[in-house]
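Following: one structure in structure tokens, then a few remarks.
The values are calculated or read from the model by the stated rules, or taken from the named source; none is laboratory data. It should be emphasised that the depicted structure is a prediction, and the values quoted were computed from it without experimental measurement. Cβ placement follows ideal geometry from the backbone for every residue including glycine, while neighbour counts extend to all protein chains displayed. Remember, those area values only see protein heavy atoms, side chains included, never the ligands or the DNA or RNA. Shrake-Rupley method; radii C 1.70, N 1.55, O 1.52, S 1.80 Å.
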Amino acid sequence: MSKSNNELSSEFSVVGKRIPKLDAAQKAMGRAEYIQDIKLPGMLFGKILYSKYAHANIVKIDTSKAVAFPGVHAVLTGEDVPKKMKMGLIKDNPPIKKGKVCSFRDEVAAVAAISPEIAKKALGLIEIEYEELEGIFDPEKAMEKNSPLVHDHLKSNVLKMPWNIHYGDVEKAEKESAFVVEDRFTTTWVTHCCMGTSGAVALFDASENLTIYTNTQIPSLAHKDFLEALKAMGLENKRVRVIKPVIGGGFGSKLDTYAYEHIAILLAYKCHKPVKIVFDRVEEFKATSTRQPTVTYIKQGCDKNGKLTFRNMRMVLDNGGHTSWGATTPSVMLMPISSLYRVENVKYNAKCVYTNNTYSQAMRGYGNPQATFAIESSMDILAEKAGIDRIEFRRINKNRSGDETPQGLKITSCGLEECIDAVKEELKFDGKNEKGVGTGIASLIHVGGGARIYGSDGCGAILKMDDYGKVDIFTGGTDMGQGLDNITAQIVAEELGLLAEDINVVHSDTDICPWDVGAHASRSTFVAGNAALGAAKKVKKKIQDFASKLFDVPCEKIELKDKLVFVPEDKEKSMTIGKLLRKAHFRPGGTMLMAEHFYDPDNQNMGKELKGNMSMTYSFGAHGAKVKVDEETGKVEVLEYVAAHDVGRAINPLLLEGQVYGGVVMGLGYALTEEVTIKDGKIMNANFRDYKLFTAKDAVKIKAPVIETIDKDGPFGAKGIGEPGCVPTAPAIANAIYDAVGVRIKDLPITPEKVLAALKEKNG
Amino acid sequence: MKAFKYLSPTTVEEAIAFHGRHSETAKYIGGGTDVIVKVKEGWMEPDYLISLKKIEEMSELHKNDATGELSIGAMVTHATLEKSLMIRNEYPIIYDAVSNIGSLQVRNVGTIGGNLINAVPSADGAIPLIALDGVALLHGPDGERSVEVKDLFIAPYKTVLKPREILKKITIPPQEPHTGSAYIKFGRRAAMELPLIGIGVLLTLDDDDTCAKARICLGVAAPTPMRAFDAENFLVGKKIDENILIEAGKIAADESKVRDSIRGKAWHRKEMIRVHVRRMGLKCLNMIKDNY
Ligand SMILES: Cc1cc2nc3c(=O)[nH]c(=O)nc-3n(C[C@H](O)[C@H](O)[C@H](O)COP(=O)(O)OP(=O)(O)OC[C@H]3O[C@@H](n4cnc5c(N)ncnc54)[C@H](O)[C@@H]3O)c2cc1C
């Protein structure tokens, strides 16, 4: 039996404690400042006009009426955008399009005016003549020879980013397999549904330096993007300051810079005034990026003892009209494909294909949920074919500490087996279920120790102490609700013998905070946590050095706890940290205690061969669901849910559970209800009435057992847990449905219609 | 959002007079859960919103014990109906419908009258009132008139109300003994959900257990809330059992005019009518049995 989450980390004072989110009161009392709350003197309001067609040439734009409209300060079209101002992974996306549009969300003009209402009216006065072109909306069809081209200058809709990997010998392994299964799985568009909509406020000072308040998960990378934007505008050597206000949700949606940010910059520059652009809910649905839809072909096999022999997967991803980070998700899909369970021979081929649909981006799990849906559904199918119990099958193939996977991932701490056991125990897999009720399990592997996607996977932290025993820590890491503020405070407080409330965590301001690659890849606790720990250790050493002289004992004898600096064996030698700080400061040649630390994990970029240990360590988990299927309606009710995770160590079990609960509910929506309905490129359900996000009433009771494996490289042994909660949810549900009523749904979301249709087909 | 003036008359006559003065640009408002959404989205731009909230008689919920007639003021909120034990015990079909509308917040302000006059095919409140043979009392510049709730709707967002007319209340005739009624909203979510299909069934049995009266009412099955007359006629005079209800479900599904939409497929909606006419019918039979 796993320990209850209340019995963890008893050896520590602050780490392992259930300390509520540090800004909870601010948020609950409406005092937290979101982008919506920011008002600057003289501020104008920007609005964006989007394309009327999924695919069309822009023949003519007449903005004269909008320009003349009282209250309008500026109108921009694609002609006003500097040629080199482009966004996205391969810079194929100017913030306002010129000549041609290739999706409904393509920006064609923008207005700045003295009120949002006037800006909106002015948009209506812009006259555009289009010449509609044939669109292409199915990625598999878009790969065909005579398909219309989304980008004319490219000869094909297939992105020149081939993901082609072969470890071992899949063909040989297939021949030698006792059992082989083959299937096709599909997933559709879903979106982050951040409660706080997107927005930015841009302003230039008199020397043409830019400050931009913006909803971002990547202050440092956004800083770079905006420097490039200024350069494209002819503003070389100017400064950029990125400030992220409190944001109402990230989930990956803010891992790129967007057109609205660049447009706010252009408008602010043109108007010499601050310009604010904030999305309404419809715009949030239509003009932010989704998780990428996938078509997955999977074939895997095992020997007669149930040992996996090979896994062969091929995917087609709908890239949409432009290229953002969605196109790199195969790099993360590769992780479960090559390394979820022991499998030596692995082949993976993925193609991202341009279509005239909305373009996709990063979303919690970064490709892992799509890949795991196929893998874990297929695991059950294979187990059944081989006649092996599905839990036993997973146990036979489980990852183990010390493994190096075909991709080169080095498995250090690994609690996968304990996670599987916890699920089995909680859900009573052996028990008989009543009719229509079934159980399902699915596991996960995810990066838990950073992810080296850029040249650096680092994070900086600067720590200073005042004269009273309080700390300000300036971290590169970004809190976006996930709780990096708490984690940082708890780690620093533990190291320095203080309380979490003694630590002020300052983040998300590029003028003040050091560099960090961003709040992505479940990396903040591990990487920003290690950066904070490193800085705290340096300051601790300084405190010990000073105390060593003061108490005349060797450094190693000095401990910090309960706000005291003391020598355990000598009760006389004890002083409050505050007093020690003042003694250090207020004397001739005095000093204040400060330190900085830059932590860059020792993980590897995957080279051309797509091999390498991309994370310092990996998080594991197993999810189990018990569902009841109404066989007459096809409706699925989730009766029980267990989500067990190996997190290394729970720095804060309360927030950890919050991450898991939130992830699972997001995953359940992915499994059962959520879908951006797109018809010929047009989003048909840009509202919460028809986009079926789970409500509080739909949420199910979730048990979240925590498995602690105390990772050797994690801060206090911790690994990342931001994303895993939503990774194996869909296959756990799909497997439970199969167990309940014997139908296998291979297309998400699993709607009552699909279940009922499958039941009818099965029952004839 | 365009600015508007908010008027709060205290009598029906006063409200109609206000409306007369501002005719084209005025709009009645109950709880505002439909109106304000439309104003905010810019689909409706009234200069005046005439609130019916202060007209006390319109918020009355009352059962006349002498006649057995139930009277529901148009301004009675879903929450008031949901919390009334009398409604819950004697008109379970109303309880079934209103207790699942939107969310607690929406039910606290949304009214039954607004639900009817907004006249969407998915109006949860309309189905039980049709099943119960409700009658709408309308009051306009020329005085009062009555219309059966089933005849209130012309098309989506369109009722038989004349300009300036107010829906004052809905009356429900006395219920016969041995009556059971039930409604189900079939949807994807547990809250904040418009029905993919709404199914209401009411059955009254004679002393010898044959069906004296049947009502099968459907939401989202046609451009307006509808009654499945063929299925109802099929049931009347028969001894009701599960097989008969299965048959009735098929007939109701056949006479429905369900369509494919982004929310759901027609074939599935038909299936749901079939299944739930039987389920709701059985629920009615159990109620009747329990109350003997
Ligand atoms: C989040 C949300 C969820 C919802 N969920 C549901 C749901 O699950 N099921 C459902 O059926 N509906 C739902 N609705 C719609 C709405 O809440 C209901 O239709 C509600 O009953 C409307 O009542 P109201 O008093 O708010 O109407 P209002 O918005 O005040 O008025 C609606 C219309 O009726 C007119 N009107 C109102 N009262 C009178 C009167 N007495 N005489 C003449 N005309 C009148 C108004 O002029 C207007 O045209 C939902 C709405 C929201 C915003």
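If I take every Cα pair under 8 Å that is 6 or more residues apart in chain A, average their sequence separation and divide by the length, what percent do I get for the relative contact order?
16
Could you name every residue in segment B:176-193 that has 40 Å² or more less accessible surface in the full protein assembly than in its own chain alone (probe 1.4 Å, ligands and nucleic acids excluded)?
By number: B:Phe186, B:Arg188, B:Arg189, B:Ala190.
Which whole-Hz couplings ³J(HN,Hα) result when phi for each residue of segment A:491-500 is put into the Karplus expression 6.51 cos²θ - 1.76 cosθ + 1.60, θ = phi - 60°, listed in order with x for Gly and Pro?
Values per residue, Gly and Pro as x: 5, 5, 4, 4, 5, 9, x, 10, 9, 4 Hz.
At q = 0.11, 0.12, 0.21 Å⁻¹, what is the base-10 log of I(q)/I(0) for segment B:57-172 according to the Debye formula with one equal point scatterer per Cα and no solvent? Please give it to two decimals.
Normalising to I(0) and taking log10 leaves -0.31, -0.38, -1.20.
Along the Cα→Cβ direction, 7 angstrom out, place labels at A:Lys98 and B:Glu14. What is the inter-label distance in nm?
6.3
Quick one: putting +1 on the C-beta of Lys and Arg, -1 on the C-beta of Asp and Glu, what dipole do you get for segment A:649-738 around its Cα centre, in Debye to the nearest 20?
Dipole of segment A:649-738, to the nearest 20 debye: 180 debye.
Can you pull the percent of segment B:179-291's accessible area that's carbon plus sulfur, 1.4 Å probe, other chains left in place?
49
Using alpha carbon coordinates only, what is the Rg to Rh ratio of segment B:179-291, with Rh defined as the Kirkwood radius?
With Rg and the Kirkwood Rh in hand, the quotient comes to 0.98.
Please list B:102-113, B:267-278 highest first by mean number of surrounding beta-carbon atoms within 10 Å per residue.
B:267-278, B:102-113
Enumerate the amide H contacts of B:Ser103 below 5 Å, restricted to partners 5 or more residues apart or on another chain; note that Pro and chain-start residues carry no placed amide H.
Answer set, sorted by chain and number: B:Met192.
State the volume of the convex hull built on the alpha-carbon positions of the protein assembly as shown, expressed per residue in Å³ and rounded to an integer.
Spelled out: Cα convex hull of the protein assembly as shown, divided by residues, is 208 Å³.
Looking at segment A:351-456, which GluC sites (Glu not before Pro) are in a loop (DSSP not H, G, I, E or B) and have at most 14 other Cβ atoms within 10 Å?
Answer in residue order: A:Glu434.
By accessible area of protein heavy atoms, probe 1.4 Å, what ranking do B:Ile117, A:Ile90 get, highest first?
Most to least solvent-accessible, the answer reads A:Ile90, B:Ile117.
Enter the accessible area per residue of chain A (Å², integer; probe 1.4 Å; all protein chains in place).
Accessible surface, normalised per residue, equals 37 Å².
Could you derive backbone 3J(HN,Hα) for segment A:749-754 from the dihedral phi with the Karplus parameters 6.51, -1.76 and 1.60 (θ = phi - 60°), listing whole Hz in sequence and x where the residue is Gly or Pro?
x, 8, 7, x, 4, 5
Among A:Leu8, A:Asn57, A:Ala32, flag the residue with its Cα farthest along the positive direction of the charge dipole of segment A:1-122, charges on Cβ as +1 for Lys/Arg and -1 for Asp/Glu.
A:Asn57
For the pairing of chain A with chain B, what total accessible surface becomes buried, with a 1.4 angstrom probe, in square angstrom to the nearest 100?
Protein heavy atoms only, the A-B interface buries about 2100 Å².
Please compute, for peptide A:684-692, the average count of beta-carbon atoms on other protein chains lying within 10 Å of each residue's beta-carbon.
3
How big is the accessible area of A:Tyr258 in square angstrom, nearest 10, if you roll a 1.4 angstrom probe over the protein chains?
The accessible area of A:Tyr258 comes to roughly 10 Å².
Restrict the search to segment A:646-708; then list the GluC sites (Glu not before Pro) that DSSP places in a loop and that have at most 10 other Cβ atoms within 10 Å of their Cβ.
Within segment A:646-708, no GluC sites (Glu not before Pro) qualify (loop, at most 10 other Cβ atoms within 10 Å).
Just give me a number: lysine pairs in segment B:179-291, eight or more positions apart or cross-chain, with C-alpha atoms less than 21 Å apart.
Within segment B:179-291, the lysine pair count is 22.
Please report, in Å, the Rg and the Dmax of segment A:458-599, where both are computed over Cα atoms only.
15.4, 48
When you look at the Cβ of every residue in A:748-757, what mean number of other chain Cβ atoms sits within 10 Å?
Shielding by partners across A:748-757 averages 3.
Farthest toward the dipole's positive end in chain A, which of A:Tyr454, A:Leu564, A:Gly717, given Cβ charges of +1 (Lys, Arg) and -1 (Asp, Glu) about the Cα centre?
So the residue we want is A:Tyr454.
Assign unit charges at the C-beta atoms only (+1 for Lys and Arg, -1 for Asp and Glu), then state the dipole size of segment B:179-291 relative to its Cα centre in Debye, rounded to the nearest 20.
I would put it at about 700 debye.
Sort B:Ser146, A:Ser522 from largest to smallest accessible area, using a 1.4 Å probe on the heavy atoms of the protein chains.
Accessible-area ranking of B:Ser146, A:Ser522, largest first: B:Ser146, A:Ser522.
For segment A:662-708, what Kirkwood radius comes out of the mean inverse Cα-Cα distance, in Å?
12.4
Which helices pass in chain B if a helix is a full DSSP H run, must span at least 18 angstrom along its long axis by Cα, and must have mean Kyte-Doolittle hydropathy not below -1.0?
Counting only whole DSSP H runs, the qualifying helices are B:242-255, B:266-291.
Which order do the peptides B:35-44, B:123-132, A:340-349, A:323-332 take when ranked by the mean count of other beta-carbon atoms within 10 Å per residue, highest first?
B:123-132, A:323-332, A:340-349, B:35-44
Taking Cα atoms of chain B, Rg/Rh with Kirkwood Rh, to two decimals?
Using only Cα positions, Rg/Rh for chain B is 0.98.
³J(HN,Hα) across segment A:576-592 via Karplus (A = 6.51, B = -1.76, C = 1.60, θ = phi - 60°), whole Hz, x for Gly/Pro?
Taking θ as phi minus 60°, the curve returns 5, 4, x, 5, 4, 4, 5, 4, 5, 7, 8, 7, x, x, x, 9, 10 Hz for segment A:576-592.
Normalised by the residues of segment B:5-51, what does the relative contact order come to in percent, with Cα pairs under 8 Å and at least six apart?
This gives 55 percent for segment B:5-51.
Filter the trypsin sites (Lys or Arg not before Pro) in segment A:604-673 down to the DSSP loop ones having no more than 12 other Cβ atoms within 10 Å, then list what survives.
A:Lys608
If you average 1/r across every pair of different Cα atoms in segment B:79-129 and take the reciprocal, what Kirkwood value do you get, in Å?
Across segment B:79-129, the inverse of the average 1/r is 10.9 Å.
Picking from B:His78, B:Ala212, A:Ala622, whose Cα lies most toward the positive end of the charge dipole for the protein assembly as shown (charges on Cβ: Lys, Arg +1; Asp, Glu -1)?
The one lying farthest along the dipole's positive direction is A:Ala622.
Based on a Kirkwood Rh over C-alpha pairs, give the Stokes-Einstein translational diffusion coefficient of segment B:5-51 at 37 °C and viscosity 0.692 mPa s in µm²/s.
The estimated diffusion coefficient comes to 306 µm²/s.
Given the convex hull of the Cα atoms of segment A:717-764, what is a quarter of its surface area in nm²?
4.2
What is the mean number of Cβ atoms from other protein chains located within 10 Å of the Cβ atom of each residue in peptide B:263-275, rounded to a whole number?
4
Roughly what percent of Cα-Cα pairs across segment A:127-259 reach past 21 Å?
Across segment A:127-259, Cα pairs with separations above 21 Å total 69 percent.
Note down the relative contact order for segment A:458-599 as a percent, whole number, built from C-alpha pairs under 8 angstrom at least six residues apart.
Reported as a whole number, the value is 34 percent.
Nearest 20 debye, what's the magnitude of the dipole of the protein assembly as shown about its Cα centre given +1 on Lys and Arg Cβ and -1 on Asp and Glu Cβ?
The calculation lands at about 1680 debye.
Count charges around A:Met592 for me, please; just the other residues with Cβ under 13 Å from its Cβ, Lys/Arg as +1, Asp/Glu as -1.
Once positives and negatives cancel, what remains is +3.
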